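**Q** I am attaching a structure below and will ask some questions about it afterwards.
The values are calculated or read from the model by the stated rules, or taken from the named source; none is laboratory data. Note that the structure is predicted; figures quoted are calculated from it, not measured. So basically every Cβ, Gly included, is an ideal-geometry build from the backbone, and we count neighbours across all protein chains shown.
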Amino acid sequence: MADLNHKVDIKGARLFPFPFMVLGTGFLLAGMGVMIIHPIISLVLIVFGLSIVTAFEGTEIYPASHTYREYNSFLFLKTGRPKSFEGIEKIFINSGRVTQRMYTAHTMSSSSFSNVEYNAYLKFTEGVKVFLFSGRNKTRLIRKAEDLARSLNTSLHDHTGDG
């Protein structure tokens, strides 16, 4: 049986898309580049860049106290309010098709790319569902969800219908 007197921290996706991550890295590099000449501007650029690069979302579950918290994290500081739950019913996985349209810069013509994405959710006994994480690799996602299900002493259900 799993130890329920611990905190389970499920780190989700980054809060900013890839172009913003590049921008955040640019702010960091620019801040380091002007550190000696303009220390105040440097500090602002570095803090702003770090805020972008370190931003992610997640969920913390405290099984012993029957509380969970969905949070956003900036500079490794988590914000979010705890909520209570009666019990954990299950973890389940759904699939969905994600379509992304890309435009070329010069001709404004576009191409569409479709992929299947798998999403893991936690369902509490009172019916509340909480998004945990997603991914395109079903095997890796199931492995991660199985570890989490063992840690929370609950079952895993695959509702994708493709395996």
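**Q** Yes or no: Thr125 out of contact with any Pro (no Cβ under 7 Å at 6 or more places or on another chain), among the β-branched types (Val, Ile, Thr), under 22 Å from Ser65 (Cβ atoms) and at pLDDT below 95?
**A** Considered against the rule, which asks whether it is out of contact with any Pro (no Cβ under 7 Å at 6 or more places or on another chain), among the β-branched types (Val, Ile, Thr), under 22 Å from Ser65 (Cβ atoms) and at pLDDT below 95, Thr125 comes out as yes.
**Q** Here's something else I'd like to know. Being out of contact with any Pro (no Cβ under 6 Å at 6 or more places or on another chain) and closer than 15 Å to Val128 by Cβ is the filter here; which residues of region 61-71 pass it?
**A** Within region 61-71, Ile61, His66, Tyr68, Glu70 meet the criteria.
**Q** Which of the residues belonging to region 144-163 are closer than 27 Å to Asn72 by Cβ, part of a loop (DSSP other than H, G, I, E, B) and not polar (S, T, N, Q)?
**A** Matches in region 144-163: none.
**Q** For region 107-130, which positions are of a type in the set (D, E, K, R) and touching a strand residue (DSSP E or B) at 6+ places or on another chain (Cβ under 6 Å)?
**A** Glu117, Lys123, Lys129
**Q** For region 6-51, which residues satisfy the criterion of being closer than 25 Å to Arg69 by Cα and part of a helix (DSSP H, G or I)?
**A** Listed by number, the residues that qualify are Leu50, Ser51.
**Q** Next up: List every residue pair whose Cβ atoms sit under 6 Å apart, with the two residues 6 or more apart in sequence or on different chains, where the first one lies in region 142-163 and is free of Cβ contacts under 8 Å to residues at least 12 places away in the same chain and the second, anywhere, is surrounded by 11 or more Cβ atoms within 10 Å (Cβ to Cβ).
**A** What qualifies is Glu146/Leu156.
**Q** Still on this structure, please answer the following. If you scan region 88-143, which residues turn out to be buried (at least 17 other Cβ atoms within 10 Å of the Cβ) and not in a strand (DSSP E or B)?
**A** Lys138, Leu141, Ile142
Table: residues versus (1) in contact (Cβ under 8 Å) with a residue 12 or more places away in the chain; (2) among the small types (Gly, Ala, Ser).
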{"position": "Asp9", "(1), (2)": "yes, no"}
{"position": "Phe27", "(1), (2)": "yes, no"}
{"position": "Met35", "(1), (2)": "no, no"}
{"position": "Thr104", "(1), (2)": "no, no"}
{"position": "Ser109", "(1), (2)": "no, yes"}
